[in-house]
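Each reported figure results from applying straightforward, stated rules to the coordinates on display, with no laboratory input. This one's a predicted model, so the numbers in the text were calculated from it and none came from an experiment. Ideal geometry is used to build each Cβ from the backbone, glycine not excepted, and the neighbour counts take in all protein chains shown.
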Amino acid sequence: MTSTRDTLALTLGATDGPSSPTMSQCVNANGLIFTSGHTSLTLGKVGAELSVEQGAQAAREAALRLLYSVREHNGTLDGLQLVQLNVCVHTTADFTQHGEVAEGASGLLREIFGDQDLPTRKALGMASLPRGVAVEIDAVFAAAAAPAAATAPAAV
């Protein structure tokens, strides 16, 4: 049975795949899934040709692409907890609203994973990003802890 989270990921469409034969989109290590950077389809610089709202939409696009990769890698989005989100925004030198742009990705991920155990987040401005994209994000996920099973006292 496919969950709502997985159905969303399946409708996202494929990402471009690794940009290099020397990297992976996602890697498991010690119960964590680390992602490579995933870019928006939107090109441009926030604070110049793109507004904050357009930047936030670009961050949402990047988050959708990231979720697709995680779903492909893990087989499901169920049972995952978003631990950390890093958002790089292609901006002008004087731009200061990085957090508002990052909300495009954070808001979508909160819709999907809920607001229990909100992740840490970093939002940074960049002078350039690959291919001139507006936003690039990466994330770390953990398997959600299973609820403790109730145990009956041992018979004596």
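Data for the structure
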item	result
Inter-site label distance for residue 43 and residue 30 at 7 Å from Cα along Cβ, in nm	4.1
Neighbour net charge for residue 54 - beta-carbon separation under 12 angstrom, K R +1, D E -1	-2
Packing-based exposure ordering (other Cβ within 10 Å, fewest first) of 126, 23	23, 126
Computed E for residue 143/residue 22 - FRET, C-beta separation, R0 25 angstrom, nearest 0.05	0.40
Gain on full stretching of the segment that runs from residue 78 to residue 120 - 0.36 nm per residue minus C-alpha separation	13.1 nm
